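Below you'll find the structure, written out as structure tokens, and then a few comments.
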């Protein structure tokens, strides 16, 4: 099975066009006018990783969790272009964007996307789209649409929000997540829903040194409440390694050497680890400079995760966007009709096997009028933390916990 990692932030456009669709920005959904970016501004990585760790910690509980902070961040970044007043101030805080103006923020995110799209061997795709109710399209401001087209490569269209639109959107999501996530919209589209903003991320790569299938064996995984029968993979390899009083960790490079997975095994429990942005960065950098021969045993993983992020984003400080929002930079009727974010739904899928990793995610942002060297033995046999990073910048692409490898 090819290792593939994927995340979606609402939808993307790439199939089954609705005959009632009016295309406003006919891009491929991504920044196709590729520009080589040699160095990513540290501010971009700092903003993303600060958001990533805050989101991770606020979602932390004693069960499986796997998210793409990058996907959520890009989708919120698209929405951010329409915010104003208190809503913008709160999004500044949550996105850690208060030290830069809007244009600089968009440039940082654009360049980060360019960098991530430049992988040579790893298949990594980022795409964005905006779907607008046909009767609302005339109220959406040109500056908002142009920013999302220019800095995010967003495909933008208006269409009648009926069952055909729902099918079009869901087919697109299924296609762009390799059918791992079948739907973005499960129920009928609410009559008050005016817009969906979408980001998808797709990652596919093999381990640099795969696990041999002949070395896989049945064993036990000791979760908090249960002992679970799992399939354990095993290999001896030279890997980046780190240990302290709280944890052990390894860094597993993918074939392209431009991405890697970190696995963190706590000494006692995940909740005992105070995982900050600085601490995780120190762990990753220490592993990069400390190669050891590691006899690694870890489970094959298959899990699915679904979560509405509304409450966690409110807890992080973004409250008015969901209640008394100011998206007057998005629409000329936003204040009058109380346009708000009604939901931020995140669905993910993760599979890890001997050859690599397969993962998918979807985040749906819905807007309504509301009216809106010594051989080290390491056995991963209890709940652990994992993530996937851009190797050069340490940008967190995915992060989560595994409490039950079998879901």
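For this structure, a couple of remarks:
- Residue that is surrounded by the most Cβ atoms within 10 Å (Cβ to Cβ), among those in the range 46-69 that are under 14 Å from the mean Cα position of the chain (by Cα) and under 17 Å from residue 360 (Cα atoms): 68
- Verdict on residue 115 being assigned to a helix (DSSP H, G or I), touching a strand residue (DSSP E or B) at 6+ places or on another chain (Cβ under 9 Å), modelled with pLDDT under 95 and farther than 27 Å from residue 332 by Cα: yes
- Qualifying residue in the range 287-297 (condition: on the phi < 0 side of the Ramachandran plot and at pLDDT below 95): no
- Qualifying residues in the range 150-166 (those that are farther than 14 Å from residue 196 by Cβ and under 20 Å from the mean Cα position of the chain (by Cα)) - the one surrounded by the most Cβ atoms within 10 Å (Cβ to Cβ): 152
- Subset of the range 371-396 (residues that are more than 19 Å from residue 243 (Cα to Cα), more than 15 Å from the chain's Cα centre (by Cα) and at pLDDT 90 or above): 391, 392, 393
- Residue that is nearest to residue 356 (Cα to Cα) [pool: residues in the range 245-261 that are out of contact with any helix residue (DSSP H, G or I) (no Cβ under 8 Å at 6 or more places or on another chain) and assigned to a loop (DSSP other than H, G, I, E, B)]: 255
- In this entry, residue 334 is excluded by the filter for residues that are crowded, with 16+ Cβ neighbours inside 10 Å, in contact with a strand residue (DSSP E or B) (Cβ under 7 Å, 6 or more places away or on another chain) and farther than 24 Å from residue 60 by Cβ.
- Residue within the range 235-244 that is more than 25 Å from residue 113 (Cβ to Cβ), in contact with a helix residue (DSSP H, G or I) (Cβ under 9 Å, 6 or more places away or on another chain) and assigned by TED's automatic domain parsing to the domain that holds residue 148 present: no
- Any hit, the range 64-71, residues being assigned to a loop (DSSP other than H, G, I, E, B), over 19 Å from residue 200 (Cβ atoms) and outside the structural domain of residue 390 (by TED's automatic domain parsing): yes
- Qualifying residue in the range 307-314 (condition: assigned by TED's automatic domain parsing to the domain that holds residue 194, within 23 Å of residue 58 (Cα to Cα), assigned to a strand (DSSP E or B) and in contact with a strand residue (DSSP E or B) (Cβ under 6 Å, 6 or more places away or on another chain)): yes
- Residue among 169, 126 that alone is in a helix (DSSP H, G or I), in the same structural domain as residue 74 (by TED's automatic domain parsing), in contact with a strand residue (DSSP E or B) (Cβ under 7 Å, 6 or more places away or on another chain) and modelled with pLDDT under 85: 169
- Residue 106 vs. criteria within 16 Å of the chain's Cα centre (by Cα), surrounded by fewer than 23 Cβ atoms within 10 Å (Cβ to Cβ), in the same structural domain as residue 325 (by TED's automatic domain parsing) and not in a loop (DSSP other than H, G, I, E, B): no
- Within the range 72-94, the presence of at least one residue that is surrounded by fewer than 18 Cβ atoms within 10 Å (Cβ to Cβ) and under 22 Å from the mean Cα position of the chain (by Cα) is confirmed.
- Selection over the range 137-160 of residues that are modelled with pLDDT of 95 or more and not in a helix (DSSP H, G or I) gives a count of 2.
- Scanning the range 342-377 for residues that are assigned to a strand (DSSP E or B) and in contact with a helix residue (DSSP H, G or I) (Cβ under 7 Å, 6 or more places away or on another chain) yields 343, 344, 346, 361, 362, 363, 365.
The values are calculated or read from the model by the stated rules, or taken from the named source; none is laboratory data. Bear in mind that the values here come from a model prediction, so they are computed numbers and not experimental data. Positions of Cβ are backbone-derived with ideal geometry, glycine not excepted, and every protein chain shown enters the neighbour counts.
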